[in-house]
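Heads up, the thing below is written out as C-alpha cells.
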Ligand SMILES: Cc1ncc(COP(=O)(O)O)c(C=O)c1O
C-alpha cells in the first residue's frame, strides 16, 4: 500500500495496456498519466526542480516561472504548491480552459499571451515575457524545459529502465517528440544499456523538429515550431510523422474500447501500429509511451464539432489507424 506525504512521490510507472486486441499488432502501451499531475511531465518537472535546489538556484522565496501550454505547467503547479514556491505559468490563448483552471486551483498564477510575436509566434512571445520577468526580479527562477538536460535525465533514470525491466526481450520502442526530453532520455538509455532496441521517434506532420516543413498543428504535446535544443538525432533510429486526423481517429478508436487517452497518445499509437503493420512485425516485442489521459481533451479531440471544423466532415468515419503515417 503506497502512503505518501507529498503529491510528487506517487507515480504509477509499471502499467501497460496490451493493444493487440484493439489494433491486431503486438504493442504494449506504457501509461504515464497515473500521477497527481496526470502526465509524463511530472518526471521532468521533479528532476528539474530538484537539480535547481541542489545547485542553489531555487531557494526559499523563489518564484518559478515557465512557458508551458499545459502539462508541464500543471506538474510545476503541484510541485511548487507542495514545496512552498510561487509559480507563474506563461501560456497563450491556445491553452485549454480546464488546464488553466487546474493550475489556478493549485495556486499558480497563469499569464496568458494573446498576441504572437510577428517572427517567432506564440512561443517566441511567451519566451520574451519569461526573459523580461527574470530580468526584472532575481526571485524568478526559469527552469527552461526546452534546454534543461535534467528533463531528459529524468527519463534516462526512470522511464528507460522501467521499460527495460518489464520487457527484457524488447525489440522496438515508440516515443513521441515534443521538447524531446522523453525521447532523448529513453533513446540515450537504450543506446547505452540495450543497443539492440530500435528507438522510433513519433512526431506530428507540421512539426519542424526533424527538418520537415511547418504546417498548422492543433494538438498540444507533440511537435515544435523550432528545432528542439535537447534533440540529438544520432540516438534515434527512425522518425515517423503522423497526420493529426489519424491521431484523432486513433484516440476515438481507443475510447470506444474504454481507454480515454490524450492526443499525443493517439499520435504515437497511430505511428506505432502503422509501423508494425508495414513491417509485418507479428513476433516483435514493442512498447509505446502514452504521455497523458483524455479528460483534458473532452472539449477538443472528443468533441465532434471541434474535430469536424478543423479536419473535415468525414474525418471520424475513416477508421484505418495506419493511414497517413509517413516515414521521415
Ligand atoms: C501530452 C503530451 N504529450 C507529449 C509530450 C512530449 O514530451 P516531451 O516534451 O518530453 O517531448 C508532452 C509534453 O509536454 C505532453 O504534454
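Taken together, the values in this text are just the output of simple stated rules run on the coordinates, not laboratory data. Note that this is a predicted model, so its numbers are computed, not measured. Glycine gets a Cβ as well: all are built from the backbone with ideal geometry, and neighbour counts include every protein chain shown.
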(request) For the chain, calculate the relative contact order in percent as a whole number, restricting contacts to Cα pairs under 8 Å that are 6 or more residues apart. (result) 18
(request) Working from Cα positions, state the angle (0 to 90°, nearest 10) between the long axis of helix 121-136 and the longest principal axis of the chain. (result) 30
(request) With 10 Å bins from zero, work out the P(r) of the range 112-207 over every alpha carbon pair and list the percent per bin. (result) 15, 33, 26, 18, 8, 0
(request) Measure out, as a whole number of angstrom, how far apart the alpha-carbon centroids of the range 145-162 and the range 264-306 sit. (result) 22
(request) Only helical DSSP H runs with n ≥ 4 go in: add -39500 (n - 2.57) per run for the chain, normalise by residue count and round the 222 nm mean residue ellipticity to 500 deg cm²/dmol. (result) -11500 deg cm²/dmol
(message) Can you say what percent of the DSSP beta bridges in the range 144-299, counting only those with both residues inside, are antiparallel? Round to 5.
(response) 5
(message) What FRET efficiency comes out for residue 149 versus residue 18 if R0 is 45 angstrom and r is the Cβ-Cβ distance? Round to the nearest 0.05.
(response) 0.85
(request) Report relative contact order for the range 133-223 in percent, whole number only (criteria: Cα-Cα under 8 Å, sequence separation at least 6). (result) 25
(request) Report the semi-axes of the equivalent ellipsoid for the chain in whole Å, largest first, where each axis is √(5λ) for an eigenvalue λ of the Cα gyration tensor. (result) 30, 23, 19
(request) Find the centroid of the Cα atoms in the range 1-19 and in the range 196-263, then give the distance between the two in whole Å. (result) 25
(request) Enter the angle in degrees (range 0 to 90, nearest 10) between the Cα long axis of helix 244-255 and the first principal axis of the Cα atoms of the chain, meaning the one along which they spread out most. (result) 80
(message) Compute the angle between helix 181-193 and the longest alpha-carbon principal axis of the chain, please, reported from 0 to 90 degrees and rounded to the nearest 10.
(response) 60
(message) Report the gain in length on full extension from residue 97 to residue 225: 0.36 nm times residue separation, minus Cα-Cα distance, nm rounded to one decimal.
(response) 43.8 nm
(request) For residue 233 paired with residue 111, estimate the spin-label separation in nm (one decimal), with each label point 7 Å from Cα along the Cα-to-Cβ line. (result) 3.5
(message) Just to be sure I understand the model, the point goes 7 Å from the Cα along the line to the Cβ. What's the resulting residue 60 to residue 193 distance in nm?
(response) 3.8
(request) Quickly work out the residue 208-to-residue 50 label distance, labels modelled 7 Å from Cα along the C-beta direction, and quote it in nm with one decimal. (result) 3.5
(message) Only Cα pairs within less than 10 Å get springs; with that Gaussian network setup on the chain, which residue of 120, 147, 99 has the largest fluctuation?
(response) 120
(message) Please check: in the Gaussian network model of the chain (C-alpha springs, under 10 Å), which one of 83, 41, 30 has the largest mean-square fluctuation.
(response) 83
(request) Please work out how much length the chain gains when fully extended from residue 317 to residue 252, using 0.36 nm per residue of separation minus the C-alpha to C-alpha distance, in nm with one decimal. (result) 22.3 nm
(request) With both partners inside the chain, how many of the DSSP beta bridges are antiparallel, as a percent to the nearest 5? (result) 25
